[in-house]
Amino acid sequence: MKLAILGGGGFRVPLVFGALLGDLGARRVETVVLHDTDEMRLGAIERVLAQQADQARAQRHPGSAWAAPRVVTTTSLDAALDGADFVFSAMRVGGLAGRTADERVALDLGLLGQETTGAGGVTYGLRTVPVALRVAERVRAVAPDAWVINFTNPAGMVTQAMQSVLGERVVGICDSPLGLANRAAGALGRRLDDLEIDYAGLNHLGWLQGLRSGTTDLLPDLLADAAALGSIEEGRLFGVDWLQTLQTVPNEYLYYYYFTRDAIGQITTEAQTRGEYLVDQQASFYAAVVSSPAQALSHWDAVRRERNATYMQETRREQAHDHERSTADVEGGGYEGVALALMAAIARDEPARLILNVRNGTTLPGLPPDAVVEVPCRVTSSGPQTLPVSPLPGHALGLAQQVKAVDELVIAAAAERSPTLAVEALAMHPLVDSVTTAREILDRCRARVPSLDRVFTRS
């Protein structure tokens, strides 16, 4: 099979390739095409992948006829897509410079500066949706039978935009929900594979509402056990008392909604935003690969560990007990494992249960049928089918409805090149507190991010 990776010069591409190297299935990916607009980044990542393949051959398959997937690089989108069975979208429109603008503009106006949540997520979406729609149109023209696996953020919004062109052959993935479910199952002393997951919401806005063994829901036992609940990341992040009040376990990104003022306060005390940190870190990484190409993989692995260890660091600074990310979270696989399981289920009919971003239909009452929601699915060669979940309680449904309405306004604003709709999307977001501020956000981001300004500049 052929896999096209859009954003192929991105730092996390070796994670996907590493998962492919471990796939020994009969029908596996034999060709990986990396597509990017930056040839230097493409070359650096191609070198990392070559060293990964050499390492896998030496460690796992010495003396055998095993072959790693062939890697090809290109700056031509159509060439990347031609003949693809799967398309993995991991683009960053506007680059890290755009991310830092998203974060800093919001913070300068006293709002949360985070790339997928709040004002930053809206401005990121505004410049990303038009590119995602163009990609979807080229997939339809060049590789109409391909499945698109979307990891481009904001993942739910971008998946929904691409589905408007390609239908349900676009599936969004994220590693946060399964990570949460795994931690909860571990705290109960159970294997997640033995349990049914009751999780529902939107991407970066979901709640674990149950973990069932047969007809028995085990989540109330975890919520009642303060010690066990406090041992997992979410217990430390949100506090045991708050989780016991909610009687659910929220996705980690809901910290930005439940503790908005705390998050803003912590981020503003840092010398750098997350985006600014990554700008420096990634510039050093790519420069190091250019200067010492023989050490490309070791450079990448060291940076990966540092990057993972500092993920969402601002949410862990002001808790009752400061803590670091667990070793399992730092070392463990994530979205690449979800992507591989999804591809194997579709290509080889190896059924899998995954939490995915898919069309709602009737799964979550109160949200539109064409809304992309994040829920458990059973995946076979026919694609994902949603599994039954509990309805969201009022407070969660209301928040999900408001954020989904913003998603739909962003998609419309980008498609219609409408600054008016863009301001409406910003003003309607629950983490933006003023129409006047919404206008200021759009003006400032347009001034700083050319790819955003072009969305509203008619030729």
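We did not get these values from a lab; they are worked out from the coordinates using the rules stated. Model, not experiment: these values are computed from the prediction. A quick note on method: Cβ atoms are made from the backbone with ideal geometry, for glycine too, and the neighbour counts reach across all protein chains shown.
Taking 0.36 nm per residue of separation and subtracting the Cα-Cα distance, what length does fully extending Thr380 through Ala447 add?
Numbers: separation 67, 0.36 × 67 = 24.12 nm, distance 4.62 nm.
Going from the current span to full extension adds 19.5 nm.
Calculate how many DSSP beta bridges within the chain are antiparallel, expressed in % of all such bridges and rounded to the nearest 5.
55
Give me the Kirkwood hydrodynamic radius of the chain, using the inverse of the mean 1/r over all pairs of distinct Cα atoms, in Å to one decimal.
Kirkwood hydrodynamic radius for the chain: 22.6 Å.
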Q) Give me the Kirkwood hydrodynamic radius of region 2-173 in Å, from all C-alpha pairs, to one decimal place? A) 17.0
Q) Among Thr215, Ala288, Gly63, whose Cα sits farthest toward the positive end of the charge dipole of the chain (+1 at Cβ of Lys/Arg, -1 at Cβ of Asp/Glu, about the Cα centre)? A) Gly63
**Q.** Using a Förster distance of 30 Å, the FRET efficiency for Thr216-Gln244 (Cβ separation, nearest 0.05)
**A.** 0.90
Q. Just how large is the dipole of region 2-173 about the Cα centre, in debye to the nearest 20, putting +1 at every Lys and Arg Cβ and -1 at every Asp and Glu Cβ?
A. 260
Q) Roughly how many debye, to the nearest 20, is the charge dipole of the chain about its Cα centre, given +1 on each Lys and Arg Cβ, -1 on each Asp and Glu Cβ, and no other charges? A) 920
**Q.** CD proxy at 222 nm, helix term only [per DSSP H run n ≥ 4: -39500 (n - 2.57); per residue of the chain; nearest 500]
**A.** -16000 deg cm²/dmol
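Any chance you could run the full-extension gain for Ala65 through Asp82? It's 0.36 nm times the residue separation minus the Cα-Cα distance, nm to one decimal.
On the way: separation 17, 0.36 × 17 = 6.12 nm, distance 2.80 nm.
Here the answer is 3.3 nm.
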(Q) Using a 10 Å cut-off around each Cβ, can you sort Val158, Val449 from fewest to most neighbouring Cβ atoms? (A) Val449, Val158
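Provide the gained length on full extension for the span Gln295 to Tyr258, in nm with one decimal, where the gain is 0.36 nm per separating residue minus the Cα-Cα distance.
Values: separation 37, 0.36 × 37 = 13.32 nm, distance 4.31 nm.
Extra length from Gln295 to Tyr258 when fully extended: 9.0 nm.
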Q | Label point distance in nm, Arg28-Ala58, each placed 7 Å from Cα along Cα→Cβ | A | 2.0
Q. Between Ala302 and Met40, what is the spin-label point distance in nm, taking each point 7 Å from the Cα along the Cα→C-beta axis?
A. 2.0
Q: Note down the nm distance, to one decimal, between modelled labels 7 Å out along Cα→Cβ at Leu387 and at Ala50.
A: 4.3
